[in-house]
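Visitor: A single structure is presented below for examination.
The values are calculated or read from the model by the stated rules, or taken from the named source; none is laboratory data. Keep in mind the model is a prediction, meaning the values are calculated, not measured. Neighbour counts are summed over all protein chains in view; Cβ atoms, including those assigned to glycine, are modelled from backbone coordinates with ideal geometry. Surface accessibility is based on the protein's heavy atoms, side chains included, excluding ligands, DNA and RNA. Shrake-Rupley method; radii C 1.70, N 1.55, O 1.52, S 1.80 Å.
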Amino acid sequence: MGLVRTEAVKTTRRMRTYVAFGVTIVIPIIMTIALKLNPPDQREAGGGGGLFFLTSQFSGLVMPAAALALMSAFLLIIIVAIFGGDAMASDAAWGNLRFILMRPVGRVRLLAAKLAVASLVSWATVLTVVLVSLAAGAIAFGWHPLDAPRFENGHLTFIHQSVADLLFHIALATAYVAWMLTGLVAFTFMLSCMTDVPYGAIVTGVGLYITSQILDAIEPLGSLRYVLPTHYFDSWRDVIFLGHATSNMARARC
């Protein structure tokens with residue numbers, strides 16, 4: 001635990017950490033203000049993200065879902081890749097790793113501590129997005145149950161969820177997104193152990209995510225898309241749309 005604490009303190013004192021958390025705080029606030037000042041029209045707000053924006057006008061408790069839908073598409077990917085890809089490579093680039101390995105500390109313990117800290121900080125950024133957007137959404141749109149209309153296949157339906165249900169589903173969605181991002185943390189951390197160029201590991205991790213997204217969009221690939229790491233990435237939206245988790249969330253892998 002002492003090694004984990006040391007790595008955690010070192011990570012939290014770096015400028016990149018302040019910038020990352022600053023972005024995760026500012027973006028949800030800007031989103032909420034923009035939605036409050038310029039609410040979208042219901043018939044124009046089609047699809048996943050548009051529906052989240054629309055439902056946020058009926059209950060501020062859905063604002064975290066809107067923030068997750070927007071930021072997990074790319075911005076959180078970059079932030080998570082930075083924490084994973086910079087964990088070992090930066091120490092190697094600065095020459096600190098040589099002095100760290102001179103201490104009576106096992107290499108396995110050192111790697112485990114750095115991976116644990118990178119994962120925890122990445123999860124913390126996801127949680128920050130949710131908490132900030134929840135507070136901003138509650139202030140702007142109110143803290144009440146969700147009772148909103150939804151157009152589906154040309155038919156008007158309604159979404160009904162109580163406050164307790166919404167909070168539980170938001171917590172479930174947060175845990176799901178954090179878990180799905182853990183795979184990217186582990187992959188970029190592995191690359192970070194192979195190079196002393198942090199940006200090489202970061203760019204490669206982000207490139208893997210983008211490549212997976214592009215391949216997943218090619219429908220003729222059929223069932224081959226199911227093995228892609230990002231195929232089930234957005235399955236958490238079902239807990240908002242349908243009010244319960246689906247089998248796609250159980251099939252997901254980080």
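Visitor: For residues that are under 18 Å from the mean Cα position of the chain (by Cα), in contact (Cβ under 8 Å) with a residue 60 or more places away in the chain and in a loop (DSSP other than H, G, I, E, B), scanning just segment 202-244, find the one that is farthest from VAL80 (Cα to Cα).
Guide: Selected residue: ASP234.
Here's the yes/no breakdown for (1) open to solvent by 40 Å² or more (accessible area, probe 1.4 Å); (2) among the acidic types (Asp, Glu); (3) over 22 Å from LEU184 (Cα atoms); (4) modelled with pLDDT of 80 or more:
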position: THR211; (1), (2), (3), (4): yes, no, no, yes
position: PRO220; (1), (2), (3), (4): yes, no, yes, yes
position: TYR226; (1), (2), (3), (4): yes, no, no, yes
position: HIS231; (1), (2), (3), (4): yes, no, no, yes
position: SER235; (1), (2), (3), (4): no, no, no, yes
position: ILE240; (1), (2), (3), (4): no, no, yes, yes
position: ALA245; (1), (2), (3), (4): yes, no, yes, no
position: ASN248; (1), (2), (3), (4): yes, no, no, no
position: ALA252; (1), (2), (3), (4): no, no, no, no
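Visitor: Here's a follow-up. So, VAL185, is that one closer than 23 Å to SER90 by Cβ, touching a Cys at 6+ places or on another chain (Cβ under 9 Å) and part of a helix (DSSP H, G or I) or not?
Guide: Yes; evaluated as a whole, the condition is true for this residue.
Visitor: Same structure, new question: Out of the residues in segment 158-179 meeting the condition of being farther than 28 Å from GLY85 by Cβ and of a type outside the set (A, V, I, L, M), tell me which one is surrounded by the most Cβ atoms within 10 Å (Cβ to Cβ).
Guide: By that ranking, first place goes to HIS169.
Visitor: Do we find that GLY47 is at pLDDT below 85, exposed (fewer than 15 other Cβ atoms within 10 Å of the Cβ), within 26 Å of TYR209 (Cβ to Cβ) and over 15 Å from the mean Cα position of the chain (by Cα) in this structure?
Guide: yes
Visitor: Same structure, new question: Tally time: how many residues in segment 99-133 are modelled with pLDDT of 85 or more, aliphatic (A, V, I, L, M) and open to solvent by 40 Å² or more (accessible area, probe 1.4 Å)?
Guide: 5
Visitor: Filter segment 1-37 down to the residues that are open to solvent by 70 Å² or more (accessible area, probe 1.4 Å), modelled with pLDDT of 80 or more and over 20 Å from the mean Cα position of the chain (by Cα), then identify the one that is farthest from VAL132 (Cα to Cα).
Guide: Taking the candidates together, the pick is ARG5.
Visitor: Moving on to the next point. Does segment 180-194 include one or more residues that are open to solvent by 70 Å² or more (accessible area, probe 1.4 Å) and more than 20 Å from ALA66 (Cβ to Cβ)?
Guide: Within segment 180-194, one or more residues are open to solvent by 70 Å² or more (accessible area, probe 1.4 Å) and more than 20 Å from ALA66 (Cβ to Cβ).
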